[in-house]
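**Student:** One structure, pasted below without further comment.
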Amino acid sequence: DPLFVFDLSDPAKPIKTGELKIPGFSQYLHPVGEQYLVGFGRNTEERLTEIDGEKVPTGEIIDLGFKLSLFDVSDLYNPKEVFVKTYSEGSYSPAGDYPRSIMVDAKNNIFAFPIFQGADRFDSPGTVVKINPSSGFTTLTDMDSFTDNIHDARFCYTNDKLYFLTDNSIAVYSYPECKLIDNIDF
């Protein structure tokens, strides 16, 4: 799906100024500063077949897993996908469908969200990512907890602690370094 950019300087007459077509799609877009958007979505590719020695699209789309995209929308006429972070095939996060599952620390450009990354789908049920518009995505930590219900997993932080709450545990990390301090199972 393309990313569309609109000039809303006259709200009664929005004007489409730019469009960017990329593989995959964003289910949720969140602003990072005034010129960037982070997209939470899916990484996809179109299946090709060979006919008479030429690769031809079949129309079938293959889902390759969860994807983060950083878009530069400072030029309304020429939006760009400047960085991409893809996760393993089969990875899933409710972040695209349920934006409230995303913890945003706008001051530090840190995002934390629930995600199943492994084939087991119970490994690393959350991740913390720092976004730097000049260098991309840096994973600060992947959670080392167990849950089979990431839809209810949530993050919150105080001045120096990050909490990852699931249906059966609370993990406490130093913040923003994201080093595990304690894990309380119940």
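The values are calculated or read from the model by the stated rules, or taken from the named source; none is laboratory data. Note that the structure is a prediction, hence the values are computed from the model and not measured. Only protein heavy atoms, including side chains, enter the accessible area calculation; ligands, DNA and RNA are left aside. Shrake-Rupley method; radii C 1.70, N 1.55, O 1.52, S 1.80 Å.
**Student:** With all protein chains present, how much of the accessible area of the chain (probe radius 1.4 Å) comes from carbon and sulfur, to the nearest whole percent? Intermediate values should be presented prior to the final figure.
**Tutor:** Numbers: 5150 of 10310 Å².
Using a 1.4 Å probe with all protein chains present, the chain comes out at 50 percent carbon and sulfur.
**Student:** OK, next. Along the stretch 89-94, what does the Karplus equation 6.51 cos²θ - 1.76 cosθ + 1.60 (θ = phi - 60°) give for ³J(HN,Hα), rounded to whole Hz, x for Gly and Pro?
**Tutor:** 4, x, 5, 8, 9, x
**Student:** With a 1.4 Å probe and all protein chains left in place, how much accessible area per residue does the chain have, in Å²?
**Tutor:** Using a 1.4 Å probe on heavy atoms only, each residue of the chain averages 55 Å².
**Student:** Stretched out fully, how many nm does the piece from K179 to K80 gain, at 0.36 nm a residue minus the Cα gap? Please list the in-between numbers first.
**Tutor:** Details: separation 99, 0.36 × 99 = 35.64 nm, distance 3.34 nm.
Residue separation times 0.36 nm, minus the Cα-Cα distance, leaves 32.3 nm.
**Student:** Which whole-angstrom value gives the distance between the alpha carbon centres of the stretch 1-36 and the stretch 60-79?
**Tutor:** 11 Å
**Student:** A further question follows. Quick one: which residues, 5+ away or cross-chain, put their amide H under 5 Å from the amide H of V5? H built at 1.01 Å from N.
**Tutor:** Residues meeting the amide H criterion: T17, G18, E19.
**Student:** At a Cα cut-off below 16 Å, give the aspartates and glutamates reachable from K107, other chains included and same-chain residues fewer than 8 away excluded.
**Tutor:** Hits, sequence-local ones excluded: E34, D160, E177.
**Student:** Explain nothing, just the number: relative contact order of the chain, from Cα pairs under 8 Å at least 6 residues apart, as a whole percent. Intermediate results must be reported in sequence, preceding the final value.
**Tutor:** Working: 442 pairs, mean separation 22.4, N = 186.
Here the relative contact order equals 12 percent.
**Student:** How large is ³J(HN,Hα), in whole Hz, for each residue of the stretch 181-186 in order, when computed from phi with the Karplus curve 6.51 cos²θ - 1.76 cosθ + 1.60 and θ = phi - 60°, using x for Gly and Pro?
**Tutor:** Once θ is set to phi - 60°, the couplings for the stretch 181-186 become 9, 7, 10, 10, 9, 9 Hz.
**Student:** Apply the Karplus parameterisation 6.51 cos²θ - 1.76 cosθ + 1.60, with θ equal to phi minus 60°, to every residue of the stretch 9-23 and state each ³J(HN,Hα) to the nearest whole Hz, in sequence, with x for glycine and proline.
**Tutor:** So the J values, rounded to whole Hz, are 4, 10, x, 6, 9, x, 10, 6, 9, x, 8, 9, 9, 9, x.
**Student:** Under 10 Å, Cα contacts only: if you run a Gaussian network model on the chain, which one of Y92, Y163, Y77 comes out with the highest mean-square fluctuation?
**Tutor:** Between Y92, Y163, Y77, it is Y77 that shows the largest mean-square fluctuation.
**Student:** Which of rounded, prolate or oblate describes the stretch 1-131 when judged by the alpha-carbon gyration tensor and an a/c cut-off of 1.5? Please report the intermediate quantities before stating the final value.
**Tutor:** Numbers: a/c = 2.37, a/b = 1.07, b/c = 2.21.
The shape class here is oblate.
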